[in-house]
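Worksheet for the structure shown next.
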Amino acid sequence: MAGGKTAQAGFSEVAMASLPRIYRLARRLANRGAEDLVQETLMRAYQRFGQLQHVEAGPAWMSAIMLNVYRDGLRRSKRSIDELAFDDVDEYSLYRKVEEEDPFPYSDSLHLDFIAQFGRDDVLAILLAMPEIYRAPLVLHYVEGYSTKEIARNLGAPLGTILARLHRARKLFERDLWNYADREGLLTKSHMKESVVP
């Protein structure tokens, strides 16, 4: 049918425009399961394409479908949610740690110089190593720009739970940032980026 061909072409257009965004989001949420998450998202979107009223809303619509698929996958797998013990992490301050350790003693802008050591791949590696229950709200809020209410709705968790996980995720990310820098040798003079060498 001609109508079917038009709908198929319209879906292809929306899918191609959305693919970079949803793949990036899937990679940050599911890491090794990103391809499966994207594939399931595209299948669901194709089945529901008639519900999309404005093609311009396609990327946001596709992202919403992906978050539903992601949430459904978490429920189906019935993973137990292991909240980490945060006795030391809740009080962790990267700002204080950098100041106490003073990795670049000749720096006039110590904290900025520390952050400058990290490239995009470093930050992604740290994010992907985090437990999923902390990584997902962190990515959705700080990378994708979702409000905490939207995250709670999309992940099917109470707002208070999301706020607590975001707080812990930030602290965990700070701690992991320092540990990664130490492990990868980013705190040694020979690895300092040129902009911070005196």
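Every number here is computed from the coordinates shown, using simple stated rules; none is lab data. It should be emphasised that the depicted structure is a prediction, and the values quoted were computed from it without experimental measurement. In this analysis, Cβ positions are derived from the backbone assuming ideal geometry, glycine residues included, and neighbour counts consider all displayed protein chains.
Given that just one value was derived from the coordinates, which of [x] 1.41; [y] 1.25; [z] 0.96 is Cα Rg over 2.2 N^0.38 Å? For Cα Rg over 2.2 N^0.38 Å, the calculated option is [y].
The order of 97, 171, going from fewest to most other C-beta atoms within 10 Å of their C-beta, is 97, 171. Only Lys, Arg, Asp and Glu carry charge here, each on its Cβ (+1 for the first two, -1 for the last two); on that basis the chain has a dipole of about 1180 debye about its Cα centre. The modelled label-to-label distance for the pair residue 120/residue 149, using points 7 Å beyond Cα in the direction of Cβ, is 3.3 nm. Counting other Cβ atoms within 10 Å as a rough exposure proxy, the listed residues 16, 130, 66 run 16, 130, 66 from fewest neighbours to most.
Where is the GNM fluctuation largest for the chain (alpha-carbon springs, 10 angstrom cutoff): 135, 165, 44? Taking springs between Cα atoms under 10 Å, the residue moving most is 44.
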